[in-house]
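This report refers to the structure that appears directly beneath it.
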Amino acid sequence: MTFRASILSLYPEMFPGPLGTSLAGRALERGDWELALHQIRDHATDRHRSVDDTPAGGGAGMVLRADILALAIDAASPADDTRPRLLMSPRGRPLDQARVRDLAQGPGAVIVCGRFEGIDQRVIEARGLEEVSIGDYILSGGELAAMVLLDAVVRLLPGVMGNAESGALESFETGLLEHPHYTRPREFEGRTIPDILTSGDHARIDRWRREEAERLTRERRPDLWQRFTDS
Ligand code: SAH
């Protein structure tokens, strides 16, 4: 099954952008995933092709109109489309690896990229948009956020990542941050590789990695550590 992504944006020319290179780009060429781009402005109804208007209640900035965006969504995603409809939004649920994995196992995603102050609340409700945030900071538009989400999803699609195992041990997959990595040379500016890693004793290596993962999580991410010890 091919993962089908449909992007709704005022700047569709930003895509595939970085998703056209490396792992994701090769997967796109192979047809492991598909990318459909939709220009929201194509659904504007006036002769100025405007898509935004001033906020009801006053205040700064502009708001993307519900009626125009609804037309764009309906054109990109018919009523019987089973794909989740996402809206990139700083108010959304923070994206995490569990949601990414869940999306990668599904048929694809319809992704609305906001601009301006945001989009009219009524279209979020009327089209059942799931708001997804990529972190507690404000971007100027949803496009980069959509690329972040798609990059995370595409690398999990079957056949995309060379070594299937390297997906399973990564940070967050175990509920912990990942242990540190080392490679040749054996000595770098006076710093050596921890002896255990060159000992060939795989049980001890596994134990060391596990302890390092736990230590780093405890030190850097008390929130993750709390969840990990609670579960
Ligand atoms: N006024 C809004 C921010 C609008 S930023 C607020 O204060 O919440 C413009 C658009 O960029 C948003 O509609 C959204 O699509 C996108 N965006 C900005 N920050 C984001 C984030 N952290 N995660 C996902 N999308 C984001």
Number of the condition not met by Ala70 [criteria: (1) assigned to a loop (DSSP other than H, G, I, E, B); (2) open to solvent by less than 60 Å² (accessible area, probe 1.4 Å)]: (1)
Only listed residue being part of a strand (DSSP E or B), surrounded by 20 or more Cβ atoms within 10 Å (Cβ to Cβ) and away from the ligand (no atom under 12 Å from the Cβ), chosen from Val110, Val132, Val153, Val160: Val110
Counted residues, segment 113-125 - those being without any contact (Cβ under 8 Å) to a residue 40 or more places away in the chain and away from the ligand (no atom under 14 Å from the Cβ): 1
Looking only at segment 135-145, and only at residues there that are part of a helix (DSSP H, G or I) and touching a helix residue (DSSP H, G or I) at 6+ places or on another chain (Cβ under 9 Å), the one that is least open to solvent (accessible area, probe 1.4 Å): Glu143
Residues satisfying the stated conditions in segment 77-107, i.e. buried (at least 18 other Cβ atoms within 10 Å of the Cβ), away from the ligand (no atom under 16 Å from the Cβ) and farther than 27 Å from Asp223 by Cβ: Ser77, Arg83
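The values are calculated or read from the model by the stated rules, or taken from the named source; none is laboratory data. Quick caveat, the model's predicted, so the values are computed rather than measured. No Cβ is skipped: glycine too gets one built from the backbone with ideal geometry, and neighbour counts run over all protein chains shown. Each accessible area value is taken on the protein alone, full model and side chains, heavy atoms only, with ligands, DNA and RNA left out. Shrake-Rupley method; radii C 1.70, N 1.55, O 1.52, S 1.80 Å.
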